[in-house]
Amino acid sequence: MTLSKALLATCMLTWTGVCLADPPEKIENEFGILNPEDTGIAMLKRKIEMGVIDSVTCSLGINATKNSDYALSRKLAKRCAEAGYTKAMTWMSQLENNGMGGDYNPDASAEWDRRAAQAGDPVGQFNHGLNLMRGHGTAQDEALGRRYIDNAANDGLAIAKRLQAADYDLDEVTPDADNWKYGNMF
């Protein structure tokens, strides 16, 4: 066996041992936490408990939803939205509009979209424009809704440009499976 093959074999065995090694033990005491979870749902829960609301933590909130932990997702998204993160506002709207971690609430959904739109978020402007055009969760005002769609398109949002190109035909951007949400209630 040549030296390079022996070195390669040694490296492979060493890395195998490292990869299979148990993670360091988490120790909590009055001085804090040694070796805390630094990824995943456990980390998100810990950051929420500690009151850490920053852009990185807020960007990880979707992980809680993807893991079907809607209560955690809602808790994190709400705190981030209330701290002014517009992407969290649009995520709160999504949670409210789909009854994830709570009841289906089109009024609360529309309010989160309005807040994101007022903060200048193009997705919030687009969603708020759709809500206004439909009268979903808010009073119907098609002209104002189109202006919000136009603002989002001017900011470069592709789906808003697509809706403009379709002469504001809402079927262009909304799956027909959602039509039950947008029809008249009376």
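Just so it is clear, none of the values below were taken in a lab; they were calculated from the coordinates. Note that the structure is predicted; figures quoted are calculated from it, not measured. Heads up, the Cβs are rebuilt from the backbone with ideal geometry, glycines too, and the neighbour counts pull from every protein chain shown.
Say the cut-off is 19 Å between C-alpha atoms; which of K66/K181; K78/K181; K161/K181; K75/K181; K45/K78 go over it? Checking Cα-Cα distances, K66/K181; K78/K181; K161/K181; K75/K181 exceed 19 Å.
Going by neighbour counts of Cβ atoms within 10 Å, the residues S73, S68 line up, fewest first, as S68, S73. A simple count of charges around G137, restricted to other residues whose Cβ falls under 10 Å of its Cβ and scoring Lys, Arg +1 and Asp, Glu -1, yields -1.
Here the extension length gained between A139 and E49 equals 28.6 nm, from 0.36 nm per residue of separation less the Cα-Cα distance.
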